[in-house]
1. Sorted by mean Cβ packing within 10 Å, highest first, what order do the peptides 151-161, 128-138 take?
2. What is the gain in length, in nm to one decimal, between Thr208 and Glu41 on full extension, counting 0.36 nm per residue of separation less the C-alpha to C-alpha distance?
3. To one decimal place, what Kirkwood hydrodynamic radius in Å is obtained for the stretch 17-166 from all pairs of distinct Cα atoms?
4. Once you wrap a convex hull around the alpha carbon atoms of the stretch 10-54, what is its projected area averaged over all directions, in nm²?
5. Using helices alone, I'd like the mean residue ellipticity at 222 nm for the chain: each DSSP H run of four-plus residues gives -39500 (n - 2.57), total over residue count, nearest 500.
6. So what is the accessible area of the chain per residue, in Å², with the probe set to 1.4 Å?
7. Principal axis extents for the stretch 82-232, Cα atoms only, whole Å, descending order, please.
8. Carbon-plus-sulfur fraction of the accessible area of the chain, 1.4 Å probe, in percent?
Amino acid sequence: MSAYRAVLFDFFGTLTRAVRRGPAHAGIARLLGCDPAALVEVLDRSYHARARGRFGTAEETLRWVAAEAGAHPSDRTLRTAAAARREAIWADTTLRPEAVPTLRALRRRGLRTAVVSDCTHELPEVLPRLPLHGLLDARVLSVEMGVCKPEPAMFLSAAALVGARPEECLYVGDGGSRELTGAEAVGMTAVRLRAPDLAGHLTFNPDTAWSGADITGLDDTIGLVDRVLEPA
């Protein structure tokens with residue numbers, strides 16, 4: 001087996017701890033004039049459409065979401081709500097303590113790194129604020145690509161950006177959006193992160209039939225890479 005040249009990571013639930021919607025989201029619903037439960041129902045059923053950028057900008061997307069939940073906020077309210085949602089996503093995002101050390105260790109070994117994430121408009125704005133941003137050689141985000149995992153373009157674009165063939169890439173994710181089977185389908189080696197906190201993670205379209213390799217800690221990635229890099 002050839003040595004890996006790159007390690008690609010999912011973001012939510014992989015580089016971060018499990019994600020749950022915090023209390024700020026109920027305030028955003030009230031700001032928009034929606035019932036919080038109605039807003040959550042719309043957010044859940046429209047996740048992949050929103051993550052593909054189907055409804056336009058962040059404000060245009062919130063306009064659509066609010067209308068589906070029975071509200072019709074003004075443009076000014078939408079701008080305020082979009083900013084509040086960005087901060088709510090920031091509040092919901094906690095990096096795993098081993099995320100930055102793991103990325104640094106991989107880069108010391110000469111590997112390229114990238115994030116491949118299904119996300120809505122907020123992550124492209126939040127990501128540069130995180131300490132791992134400078135440790136990533138590339139990012140492939142669904143809202144910028146117009147497609148979601150497990151579409152091959154998400155994985156193939158990441159491989160191309162880090163200058164590696166798919167078979168030279170290790171993909172690490174919690175299994176949302178059928179990402180593990182999607183990565184394997186294009187020739188990557190995939191491994192599922194099964195950290196204890198993920199039991200309550202907000203997940204859409206999970207890889208329920210995954211029967212491949214698992215790790216329990218993000219830093220286990222280093223051991224996987226080192227075993228491959230060892231001489232025969």
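The values are calculated or read from the model by the stated rules, or taken from the named source; none is laboratory data. Because the structure is a prediction, the values reported are computed rather than measured. Quick reminder, even Gly has a Cβ in these numbers, built from the backbone with ideal geometry, and neighbours come from all protein chains shown. All accessible areas refer to the heavy atoms of the entire protein, side chains included, with ligands and DNA or RNA removed. Shrake-Rupley method; radii C 1.70, N 1.55, O 1.52, S 1.80 Å.
1. Packing order, densest peptide first, comes out as 151-161, 128-138.
2. Here the segment from Thr208 to Glu41 would lengthen by 57.9 nm.
3. Every distinct Cα pair counted, the radius reaches 16.6 Å.
4. One quarter of the hull surface, i.e. the mean projection, equals 3.9 nm².
5. Estimated from H runs of four or more residues: -12000 deg cm²/dmol.
6. For the chain, the solvent-accessible area averages 44 Å² per residue.
7. 54, 32, 32
8. C and S fraction of accessible area: 51 percent.
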